[in-house]
Structures are given as structure tokens and as C-alpha cells.
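S.K.: Sharing a structure, written as C-alpha cells. Questions coming.
The values are calculated or read from the model by the stated rules, or taken from the named source; none is laboratory data. The model shown is predicted, which means the values in this text are computed figures rather than measured ones. As a convention, Cβ positions derive from the backbone with ideal geometry for all residues, glycine included, and neighbour counts pool all protein chains shown. For accessibility, only protein heavy atoms count, side chains too; no ligands or nucleic acids. Shrake-Rupley method; radii C 1.70, N 1.55, O 1.52, S 1.80 Å.
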Amino acid sequence: MTIALSRPDKLLFPGVSKADLADYYDAVARRMLPHLRGRPLARQRFPDGIDHGGFMEKQVPADAPDVVHRAAVPKVGGGEVTMLVCDNAATLRYLANQAAITLHTWLARARSPRRPDRLILDLDPPAGFAAARSAALAARELFAEVGLDPFVMTTGSRGLHVTAAIAGRDDVGDVLALARDLAGTLADRQPRALTTAARKADRGRKLYVDALRNGYAQHAVAPYAVRPLRGAPVATPLHWDELDDRGLTARTYTIRTVLDRDDPWADFPRRGPSVAAIRRRLAAI
């Protein structure tokens, strides 16, 4: 199905039109879709461009075309919400036409919403980027120690995500508890640099190791998603050795430059170890 753009010349960023965003999502679809398929999707929309405010949308629009897949998932407080699932390139183009600039996915698939198959630590530095690089390398070491295969990406905003595949058989509550324990272990290893304090006032100048994105109905920015910031930066998968580049920041790559790279997450595994297996290794540390 061909998705026609309405007002393709409308600027969503300074110098970046709706057509530019759609062309980017067309070009990046092959890399991006493996990280979107089957997952409930929240969209950050800016119908009047990033300089005029936006909103987060979870419910799928009633007039979405048939090519756009849907999934009803339980809400935290009861009831259901019918969310969009991006399974194809046509849906990406539809989202661009909706000025859905940033796409955020669940860590679980819609068919098993309480069984996440990915675990994420969000490394949010108070200032600069050097602290995020250092924390990511520490997370890589810890993940490897407990049997996880870690992947790293910029968030396109401030920091880095370290992500790994897990079994997809454990309840989200157990996954969140494990993620918190991993974050706590990291902070215990580098108490002067890292913290798990949720309140900003309690962090001082320490980097926040955030595990809360692993909770039920939480979501994380998708790999290759565009962020609503000047220059249209992209959440960019990295090779680990790229963290050695002192010029790297969370916003280094944009829709104009990211497609010139290879895809460091091309071999991201579909499954990883169970919570029990990870905990056994964590207990032995």
C-alpha cells in the first residue's frame, strides 16, 4: 500500500520537512523494523513542528489504514488500550505523515505483554557525555559477567542505552527487579560516579542508572528513532569501540548522516538467558 503524504513540504524541524522525515523512515526501515515488529508503540507527535509543542500518543487512531497493525494490551489501572504495532515500512511512512517524530517501543511483544524479551539500562548523565561512556563500559562488563550479550546505542538526546536480549519467559515484575539489582550493582562498584536515586535532588553530580524502563507498560526510544531536537538527531546503535571516540555525543548522528554507517545491531539476538540464569551468575559475583 502506498501512503500519500499530506503537506509534505511542512517543516517539522528547521530545514527538515515531513517529506524528509518520511524519506528517512523509508530508508531506515530495513534496519529499524526488526526492533519494532510485534511491539506496542507509543509515538511522540509534533503536528506543528518541534518548536510548537507535541504530545505522546498510545491509542491507535480510529482512521488508521488497514496496513497499520493493532494490538489490545492491558492497562496498568485496568481495562485495555489498543496500541499501534509497526510491522512494515508502510506503517513507518504513515507515522511520518502523522508527524510522529519519535517512536518508543515496549520491551515486550504484544502477544506476551508481561514477558519482556529485552532488558535496558538507561544511562542518564547530569552533564557532558564522558560519564555516559564510562558507565556504558562498566555496564558492558557486568552484563557479560552475568551471561548477557550487551548492545549499546546513543539515545539521540543525552545519554546511552545498554540493552540485551533475555528469554521472554519471565514476568515483567521479575525482570524489573533484576534490572534494578544490576543497576544497583553498577552503582555499588562506582559509588562516586553512579547512582540509582530516582529523585534528581538526591543524585548530585552522579550519573543516574535508570532501570525503570523495564517496568510494565513502560517504553524506550527505538533504535534509529528521530528525536524532536534541532538537527534531527537519531538514537543510533554503536559498535562498542566507538565509545573510544572522545568527540562522540548522544546527538552525533542525525537523519542526514546515520545512513552512511553500517548497522551495529544487525545481529541483535532474538532471545537471551532467563532471569533465573542471570541471577545465579549475579549471586556469584
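S.K.: Go through segment 50-72 and give me each residue that's part of a helix (DSSP H, G or I), open to solvent by 60 Å² or more (accessible area, probe 1.4 Å) and touching a Leu at 6+ places or on another chain (Cβ under 7 Å).
M.R.: none
S.K.: Filtering segment 255-285 down to residues that are basic (Lys, Arg) and not in a loop (DSSP other than H, G, I, E, B), which residue is nearest to Val146 (Cα to Cα)?
M.R.: Arg281
S.K.: Another question, then. Looking at Arg140, is it open to solvent by 10 Å² or more (accessible area, probe 1.4 Å), in a loop (DSSP other than H, G, I, E, B) and in contact with a strand residue (DSSP E or B) (Cβ under 9 Å, 6 or more places away or on another chain)?
M.R.: Here the answer is no, as Arg140 does not meet what is asked.
S.K.: Identify, from the list Thr185, Thr252, the residue that is among the polar types (S, T, N, Q), assigned to a loop (DSSP other than H, G, I, E, B) and touching a residue at least 60 places away in the same chain (Cβ under 8 Å).
M.R.: Thr252
S.K.: If you don't mind, there's one more thing I want to ask. With the condition being closer than 17 Å to His219 by Cα and open to solvent by 20 Å² or more (accessible area, probe 1.4 Å), I'd like the strands (runs of 3 or more DSSP E) fully within segment 73-129 carrying at least 1 qualifying residues.
M.R.: Of the strands (runs of 3 or more DSSP E) lying wholly inside segment 73-129, those with at least 1 residues that are closer than 17 Å to His219 by Cα and open to solvent by 20 Å² or more (accessible area, probe 1.4 Å) span 80-85, 118-124.
S.K.: Would you point out the residue of segment 5-49, among those that are of a type in the set (Ser, Thr, Tyr) and in contact with a helix residue (DSSP H, G or I) (Cβ under 7 Å, 6 or more places away or on another chain), that is most open to solvent (accessible area, probe 1.4 Å)?
M.R.: This residue is Ser6.
S.K.: Please tell me if Arg213 is open to solvent by 30 Å² or more (accessible area, probe 1.4 Å), of a type in the set (D, E, K, R), touching a residue at least 60 places away in the same chain (Cβ under 8 Å) and assigned to a loop (DSSP other than H, G, I, E, B).
M.R.: no
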